[in-house]
Amino acid sequence: MMKRAMCWAFVVFSIPWLANDVFNPGARTRNDVTTGNLVLGATQSQPGVNSAERDEAIADIKKRIAGHEDDLAEKVFKNIEILKGKKASRLPGMMAALTGLLGVNCTYCHVKDKWDSEEKPTKQTARKMFRMIGGINDNYFEGQNKVSCWTCHRGNPHPPIQ
Ligand code: HEC
Ligand code: HEC
């Protein structure tokens, strides 16, 4: 029970970061609507995520980039598009958040321990989704972070259509 609560707290705290820095780099304000949705979501369980495995993988990556946290992501990692121009230190938090937002493990998008591989179509889809959200927020919400992965996915890789 405690573990689940921690897991969700993790997702909740990850979101404002994702929303502000990745979905819309120019945005300065916090998205209260998104944050509100996430608090509601915090009572749901997230059976698909192996949090021990996630935490270990994240710790490994942090160790690997030690001393290069402030370098650009594309310098430190290999296949970077979405995080281009951002600090490398942003990547571990973004990856951890993605598992919570979709309710999946790292290996849903990655070949284990071959993080730079582009083999899994889900990794490509995730990038498309980031661009989609950027477009929706720019075109329909005056550049504010109103729509996030959570808006549709809510801890489910396949959002129900109705
Ligand atoms: C929903 C899909 C998704 C999930 C889940 C996910 N990732 Fe990623 N990951 C990506 C995408 C997309 C990129 C490329 C980011 C970019 O283009 O800037 C990436 C890039 C990376 C990279 C950089 C690899 C390189 O050198 O190019 C690492 C390391 C990484 N992920 C680790 C993880 C770990 C660890 C987890 C689990 C905690 C995880 N990812 C979960 C989609 C995902
Ligand atoms: C407007 C709603 C919406 C938003 C916002 C959204 N998605 Fe999706 N996403 C979908 C739908 C619908 C599918 C198709 C699911 C299916 O095929 O069952 C999907 C599919 C995916 C898939 C592929 C799943 C699979 O197994 O093939 C990934 C990965 C994904 N989304 C990641 C993301 C990420 C990461 C974000 C945030 C950057 C995001 N999505 C935001 C609606 C959305």
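Every number here is computed from the coordinates shown, using simple stated rules; none is lab data. What you see is a predicted model, and the numbers here were worked out from it, not measured in a lab. Don't worry about glycine lacking a Cβ; one is built from the backbone with ideal geometry, like all the others, and counts go over all protein chains shown.
Key figures
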quantity	calculated
Of residues in region 100-130 being closer than 19 Å to Glu74 by Cα and aromatic (Phe, Trp, Tyr), the one farthest from ligand 1 (Cβ to nearest atom)	Phe130
Candidate set from region 112-162 (those that are within 11 Å of ligand 2 (Cβ to nearest atom) and basic (Lys, Arg)); member that is farthest from Lys84 (Cα to Cα)	Arg154
Within region 53-83, tally of residues that are part of a helix (DSSP H, G or I), of a type in the set (D, E, K, R) and surrounded by fewer than 17 Cβ atoms within 10 Å (Cβ to Cβ)	9
Count of region 137-153 residues which are crowded, with 17+ Cβ neighbours inside 10 Å and within 14 Å of ligand 1 (Cβ to nearest atom)	4
Qualifying positions in region 52-79 - basic (Lys, Arg) and over 14 Å from Lys112 (Cα atoms)	Lys62, Lys63, Arg64, Lys75, Lys78
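Table: residues versus (1) in a loop (DSSP other than H, G, I, E, B); (2) surrounded by 17 or more Cβ atoms within 10 Å (Cβ to Cβ).
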residue: Gly85; (1), (2): yes, no
residue: Leu101; (1), (2): no, yes
residue: Gln124; (1), (2): no, no
residue: Lys128; (1), (2): no, no
residue: Gly135; (1), (2): no, no
